[in-house]
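Scroll down for the structure; my scribbles are underneath it.
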Amino acid sequence: MTTRIPQVNFSKGELAPELYGRFDVDAWQAGLRQARNVIVMKYGGVTKRPGTRLVAEVINPATPTRLIPFQFSMTQTYVLEMGQGYMAPCVLGGRVLETEQPITAVSNAVNAQVSIAFHGYAAGDLVYIDGVAGGMGAVLNFRTWQVVSVIDPNTITINADTTGCAAFSGCTGGTANLSPPAVVTAPIVPPPAPSATAPTVSYGGGLGSFRLKD
């Protein structure tokens, strides 16, 4: 007859190979030989790890970027995207954005011309686009674009090439501004200073070269 004793405590997590046969230690009674795709809970149980998916590319992939976890409370956790001169918080599977504004037109151009009522943007600002219908949406949606120029209070151009897309057919979501929003000028952030050249190391003693005097 075979007796099976259920194991209900996994608080020690995954065991090192050196402990596989050490049933005489307490860690063996509360550990796992292998734990894959699970998270060990501090009270001894295990739970499936959350799924992973691509939320978005970093805003500026040309410079080093770090993702820093930040927990505000027991129920509010964030990921902070820290790049050169900016910080973008992410939560609930997406970025924390400003109030969504509806797009009423997008032109077919190397730098697409986008119509947004009282947009309040300035050249160099970043805009995240979602909800554009049709083939143009396949190019613009779920990406961050940079404002190339401001034509008027209702029109901007962005660094998106839409020359090969079908004509704009509409966009869903957003609440239109009825007046120009207050514009806050972003501070100027200087580029990072280059790394200093490492100093020349002198070992002293008799490690240098020398000549004997005749």
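Relative contact order (percent) for the chain, with alpha-carbon contacts under 8 angstrom and 6 or more residues of separation?
14
Restricting things to alpha carbons, tell me how big the stretch 95-203 is in terms of Rg and Dmax, in Å.
Rg, Dmax (Cα atoms, Å): 18.9, 72.
I'd like the Karplus ³J(HN,Hα) series for the stretch 118-135: coefficients 6.51, -1.76, 1.60, θ = phi - 60°, whole numbers in Hz, and an x wherever there's a Gly or Pro.
Per residue, the Karplus-derived 3J(HN,Hα) values read 6, 5, x, 8, 10, 4, x, 5, 10, 10, 9, 10, 8, x, 6, 7, x, x Hz.
Taking the Cα centre of the stretch 39-180 as origin, sum charge times position over the Cβ atoms of Lys and Arg (+1) and Asp and Glu (-1), and report the length of that vector in debye to the nearest 20.
Roughly 740 debye, rounded to the nearest 20.
Which ordering of W28, W145 is given by a fewest-first count of other beta-carbon atoms within 10 Å?
Lowest count first: W28, W145.
Using a 10 angstrom cutoff on alpha carbons, build the Gaussian network for the chain and name the most mobile of A182, A196, A62.
A196
Taking θ = phi - 60°, what integer Hz values does the Karplus form 6.51 cos²θ - 1.76 cosθ + 1.60 yield along the stretch 103-114, in sequence order, with x for Gly and Pro?
9, 9, 6, 9, 8, 9, 7, 4, 10, 4, 9, 10
Report the relative contact order of the stretch 99-168, percent, no decimals, based on alpha-carbon pairs under 8 angstrom and at least 6 residues apart.
39
Give me the extension gain from S169 to T104: residue separation times 0.36 nm, minus the current Cα-Cα distance, reported in nm with one decimal.
22.5 nm
Which residue fluctuates the most in the chain, going by a Gaussian network model with Cα springs under 10 Å, if the choices are M87, M74, M136?
M74
If we count every other residue with Cβ under 15 angstrom of L80's Cβ, Lys/Arg +1 and Asp/Glu -1, where does the sum land?
Around L80, the surrounding residues sum to +1.
In whole Hz and in residue order, list the ³J(HN,Hα) couplings for the stretch 11-26 that follow from phi through the Karplus curve 6.51 cos²θ - 1.76 cosθ + 1.60, θ = phi - 60°; x for Gly and Pro.
After applying 6.51 cos²θ - 1.76 cosθ + 1.60, I find 5, 7, x, 7, 7, 6, x, 5, 9, 4, x, 8, 6, 7, 9, 5 Hz.
What is the fewest-to-most order of L97, L140 by other Cβ atoms lying within 10 Å of their Cβ?
The most exposed by this proxy come first: L97, L140.
Can you sort R33, R95, R53 so the residue with the fewest Cβ neighbours within 10 Å comes first?
Ranked by crowding around the Cβ, least crowded first: R53, R33, R95.
Contour minus end-to-end for A133 and V46, with contour as 0.36 nm per residue of separation and end-to-end as the Cα-Cα distance?
Length difference between fully extended and current span is 27.1 nm.
Using a basic spin-label model with each label point 7 Å from the Cα along Cα→Cβ, how many nm lie between L92 and A16?
Here the modelled spin labels are 4.4 nm apart.
Of I68, I39, I151, which has the largest mean-square fluctuation in a 10 Å C-alpha GNM of the chain?
I39
Per residue of the chain, what 222 nm ellipticity follows from adding -39500 (n - 2.57) for every DSSP H run with n ≥ 4, rounded to the nearest 500?
Rounded to the nearest 500, the figure is -1000 deg cm²/dmol.
Values quoted throughout were computed directly from the atomic coordinates according to the rules given, and no laboratory measurement underlies them. Remember, predicted model here, so these are calculated numbers, not experimental data. Quick reminder, even Gly has a Cβ in these numbers, built from the backbone with ideal geometry, and neighbours come from all protein chains shown.
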